[in-house]
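S.K.: Okay, handing you the structure first.
Read the figures in this text as sums done on the coordinates, not as results from a lab. Nothing here was measured: the structure is a model prediction, and the numbers come from that model. All Cβ positions, even for glycine, are placed from backbone atoms using ideal geometry, and neighbour counts span all protein chains on display.
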Amino acid sequence: MSDGQGGVDDVRSSTPFSLQFLTLGHVTRDIQPDGSFTLGGTVTFAARAAYHLGLAAGVVTCAAPDVLEELASVLAGVMLYTRPTVATTTFRNTYTHGFRTQYLHARADTLATTDVPVAWRDAPVVLLGPLAQEITPTLVALFRRRSGAIIAATPQGWLRRWDADGRVWPTLWANAEQIMPLLDVLILSYDDLLPFVNGKRLEADALLHVWSTRVPLLVATDGRHGATLFQRGSTRHFPAYFVEEVDPTGAGDVFAAAFLVALYRDGDAPHAVAFANCVASFAIEHKGVQGIPTLAMVEARLKGA
């Protein structure tokens with residue numbers, strides 16, 4: 001097992017603090033319009049965000065060796081526990097009149113329980129970020145719900161299937177009944193749900209209300225419309241920041257990480273949503289991971305809000 005930085009044991013021994021934020025899922029190669037690739041995936045954006053916001057972050061993933069080498073560079077300072085595989089999960093998105101068509105050109109292996117270091121299974125914040133059905137209920141069950149810990153998921157990868165040509169289609173969350181009771185927090189986008197309800201927002205709201213009865217906290221993001229917190233049967237909306245959007249890619253993953261960082265620090269869910277909205281506003285102002293802010297930048301923008 002390699003961490004891309006000289007061995008997992010080496011990274012741990014050189015790190016003066018315990019892992020605080022662990023995220024799991026596939027790192028991806030995202031094909032750009034010009035044929036080039038960028039590094040993506042929930043784990044990439046979330047780990048970098050948590051690290052920039054001051055938590056000791058770690059990633060569990062698998063991909064081809066060249067991608068793992070690049071990941072170690074992009075996530076300098078983040079602890080990595082990786083398994084080399086033949087393929088890297090690779091997506092291509094095309095947009096027509098604002099609608100996205102997505103293709104899965106390659107997929108890395110499903111993550112196994114043995115991919116997760118035993119010492120990392122008690123991380124106080126865990127974010128499960130599947131992109132292509134790579135996280136199983138058995139893997140989720142490794143992480144025990146307990147006082148002082150936050151087990152969270154962004155379920156977009158459980159809401160996807162793909163055909164023989166690789167075209168990605170929405171699919172019902174097959175293991176929702178098994179997984180949701182294992183979670184403290186569920187974070188998703190309205191865009192994840194609208195395909196299931198023919199684009200009808202009221203029906204999406206109804207589904208969110210049902211899901212919110214099965215997890216202690218649910219947050220639904222809605223791009224420039226902000227985010228809604230579902231907590232103990234009540235809802236509260238938080239507006240987004242108005243900034244110039246350059247690249248929305250990964251903004252939802254950055255939001256999720258920021259929400260969990262704030263929730264871990266003070267346990268105040270409404271404040272965590274407001275904080276995450278602010279962090280995500282920076283993320284969309286630049287391409288890729290370059291817009292992820294430091295804690296000082298976020299605090300300055302919050303003061304000026």
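S.K.: Pick out, from ALA49, VAL126, GLY35, the residue whose Cα sits farthest towards the positive end of the charge dipole of the chain, with +1 on the Cβ of Lys and Arg and -1 on the Cβ of Asp and Glu.
M.R.: In the chain, that residue is VAL126.
S.K.: What are the ³J(HN,Hα) couplings of the range 254-269, residue after residue, when phi is run through the Karplus curve with 6.51, -1.76, 1.60 and θ = phi - 60°? Round to Hz, x for glycine and proline.
M.R.: 5, 4, 4, 4, 5, 4, 5, 4, 5, 5, 5, 6, 10, x, 9, 5
S.K.: Counting every Cα pair in the chain, what percent are over 25 Å apart? The partial results should precede the final answer.
M.R.: Values: 20646 of 46360 pairs.
Counting every Cα pair in the chain, those more than 25 Å apart make up 45 percent.
S.K.: What residues have an amide H closer than 5 Å to that of ILE150, excluding those fewer than 5 places away on the same chain, when H is modeled at 1.01 Å from N in the peptide plane?
M.R.: It is VAL125, VAL126, by chain and number.
S.K.: Quick one: 3J(HN,Hα) in Hz for the range 115-122, Karplus 6.51/-1.76/1.60 with θ = phi - 60°, rounded, Gly and Pro as x.
M.R.: 6, 9, x, 4, 5, 8, 6, 9
S.K.: Amide H neighbours of LEU218 under 5 Å, counting only residues 5+ apart in sequence or on other chains, H built in-plane at 1.01 Å?
M.R.: LEU186, PHE230
S.K.: For the chain, which longest stretch is free of loop sites, where a loop site is one of the trypsin sites (Lys or Arg not before Pro) that DSSP puts outside H, G, I, E and B and that has at most 14 other Cβ atoms within 10 Å?
M.R.: Details: sites that count: ARG121, ARG144, ARG145, ARG146, LYS200, ARG214, ARG232, LYS287.
Longest site-free region, per DSSP loop and neighbour criteria: 1-120.
S.K.: In terms of modelled amide H atoms, which long-range or inter-chain residues lie less than 5 Å from the amide H of SER189?
M.R.: It is THR221, by chain and number.
S.K.: Exposed loop GluC sites (Glu not before Pro) only (DSSP loop, at most 13 other Cβ atoms within 10 Å): please give the longest stretch of the chain free of them, not including the sites.
M.R.: 1-243
S.K.: Moving on to the next point. Of all the Cα-Cα pairs you can form in the range 137-206, what percent are over 18 Å apart?
M.R.: Working: 1144 of 2415 pairs.
It works out to 47 percent of all Cα pairs.
S.K.: Right, another one. Show me, bin by bin at 5 Å from 0, the whole-percent P(r) of the range 106-256 based on Cα pairs.
M.R.: Spelled out per bin, shortest first, that is 2, 8, 17, 21, 21, 15, 10, 5, 1, 0.
S.K.: A further question follows. If the only charges are +1 at each Lys and Arg Cβ and -1 at each Asp and Glu Cβ, what is the size of the charge dipole of the chain around the Cα centre, to the nearest 20 debye? It would help to have the intermediate numbers written out before the result.
M.R.: Working: 24 positive and 29 negative charges, 140 e Å.
Result for the chain is approximately 680 debye, rounded to the nearest 20.
S.K.: Among THR88, THR138, THR228, which one moves the most in a GNM of the chain with springs linking Cα atoms closer than 10 Å?
M.R.: Highest fluctuation of the listed residues: THR138.
S.K.: Among ALA76, ALA174, ALA153, determine the one that fluctuates most according to a GNM of the chain built with springs between C-alpha atoms less than 10 Å apart.
M.R.: The residue that fluctuates most here is ALA174.
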